[in-house]
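Here is the structure we will look at, set down as structure tokens.
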Amino acid sequence: MILKKLVRFDWAIRYILRDKSNFDILEGFLTALLNEDIKILAILDTETNQEDSNDKFNRVDLLIEDSQNKKVIIEVQNNRETHYLERLLYGTSKVIVENIKSGELYDKVVKVLSISIVYFNLGLGDDYIYYGRTDFKGIHTDNFLVVKERVKLDEVFSPKYRMQEKNIFPEYYLIRVEKFEDVIRSPIDEWIYMLKHSEVRKDFHSKNIDKAREKLNIMKMDAEARKKYERYLENLA
């Protein structure tokens, strides 16, 4: 079997990117997608898939906590699933419920971002990245309701505050890898190219993508890990 230069991202999420020393790869990917500097604090426990001989490795989940206390779900789905959107809703709801204790005030509800990397045709559409969120729109005016909250500024000594827009509802990103046409327009396109082809071109320069080229190199795998990876590719095929 001919192996590609880099291991697939779903394999990396399962075995490599959970290591704190490799958080920089995930941080680079999230920074490019979300257009903000992301710092990962921890990989949180979540349900894991089976790892026996019958496992077809169709799905991989990763739950991340960032420096702003947001919870980020990264999911890779290889095969078509009929009720995929329903499962996304269930997944974000489960994270919210599990991160608030009984009797706590509702201001403890966490913000959840759900990022799906799918390798099948999910609905009709001509784009390869989709974004969804909950907004409230006036029935008569078509204007959006803007809710703001007072936020304390920690970088100043005396108590000072600023008002910022508040939206606590989950946000969703759907990345349809196979719809990407290999045209690089922005930093996230470099990462999606990597997701699609398992390689990083020499002209790519987005944050930490060089770390992906270095740390996900198949040639650095030992014989046992490479054999497991070959079985993984066979199962996908």
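Observations
- In a DSSP loop and with at most 14 other Cβ atoms within 10 Å, the trypsin sites (Lys or Arg not before Pro) in the range 127-228 are Arg133, Lys160, Lys166, Arg185, Arg201, Lys202.
- Rolling a 1.4 Å probe over the protein heavy atoms leaves Leu113 with an accessible area of roughly 10 Å².
- Counting only residues at least eight positions apart within a chain, or on another chain, the aspartates and glutamates with an alpha carbon under 20 Å from that of Lys152 are Asp66, Asp107, Glu165.
- Note on Lys108 and Arg18: with the Förster distance fixed at 22 Å, the Cβ-Cβ geometry gives a FRET efficiency of about 0.25.
- Tilt relative to the chain, helix 187-197 - C-alpha long axis, 0 to 90 degrees, to 10: 30 degrees
- Legend: calculated FRET efficiency, Arg201 to Phe120, from the Cβ-Cβ distance at R0 = 25 Å, rounded to 0.05, equals 0.50.
- Restriction of the chymotrypsin sites (Phe, Trp or Tyr not before Pro) in the range 146-237 to DSSP coil positions whose beta-carbon has at most 10 other beta-carbons within 10 angstrom yields Phe157.
- Crossing angle, helix 223-236 versus the chain [Cα axis fit, 0-90 degrees, rounded to tens]: 70 degrees
- Within straight-line reach of Lys179, meaning a Cα separation under 16 Å, sit the following aspartates and glutamates at least 8 residues removed in sequence or on another chain: Asp126, Asp127, Asp189, Glu190.
- Taking the protein heavy atoms of the range 89-222 in the context of the full set of protein chains, the accessible area attributed to carbon and sulfur is 53 percent at 1.4 Å.
- Ranking Thr82, Thr92, Thr141 by solvent-accessible area of protein heavy atoms (1.4 Å probe, all protein chains present), from largest to smallest, gives Thr82, Thr141, Thr92.
- For Cα Rg over 2.2 N^0.38 Å, the candidate list reads [x] 1.26; [y] 1.11; [z] 1.01; the entry that matches the value derived from this model is [y].
- Among Val118, Val97, Val76: highest mean-square fluctuation, GNM of the chain, C-alpha pairs under 10 Å: Val97
- For the chain, the solvent-accessible area works out to 61 Å² per residue, with a probe of 1.4 Å and every protein chain left in place.
- Value of relative contact order over the chain, rounded to a whole percent, pairs C-alpha under 8 Å and six or more apart: 24 percent
- A 1.4 Å probe over all protein chains sorts Met163, Met194 by accessible area into Met163, Met194, starting with the largest.
- Using the Cβ-Cβ distance between Asp182 and Lys160 with R0 = 41 Å, the FRET efficiency computed as 1/(1 + (r/R0)^6) comes to roughly 0.30.
- When both bridge partners sit in the chain, DSSP labels roughly 65% of those beta bridges antiparallel.
- If a spin label sat at a point 7 angstrom from the Cα of Val151 along the line to its beta carbon, the backbone N atoms of the range 85-124 nearer than 17 Å would be those of 107-113.
- Each 10 Å bin from 0 upward holds the following percent of the Cα-Cα pairs of the range 141-222: 13, 25, 18, 24, 16, 2, 0.
- Prolate is the label for the range 88-127, because the ratio a/c of its alpha-carbon gyration tensor axes (a ≥ b ≥ c) is 1.5 or higher and a/b is greater than b/c.
- Greater than 31 Å apart at Cα, pairs in Lys71/Lys227; Lys71/Lys207; Lys20/Lys111; Lys94/Lys196; Lys70/Lys228; Lys39/Lys202: Lys71/Lys227; Lys70/Lys228
- Candidates Glu27, Glu224, Glu171, ranked by Gaussian network fluctuation over the chain, Cα under 10 Å, top entry: Glu224
The values are calculated or read from the model by the stated rules, or taken from the named source; none is laboratory data. Only a predicted model underlies this, so the values are computations on that prediction, with no experimental measurement involved. Note: ideal-geometry Cβ built from the backbone for every residue, glycine included; neighbour counts use all protein chains shown. Surface areas here come from the heavy atoms of the whole protein model, side chains and all, with no ligands, DNA or RNA. Shrake-Rupley method; radii C 1.70, N 1.55, O 1.52, S 1.80 Å.
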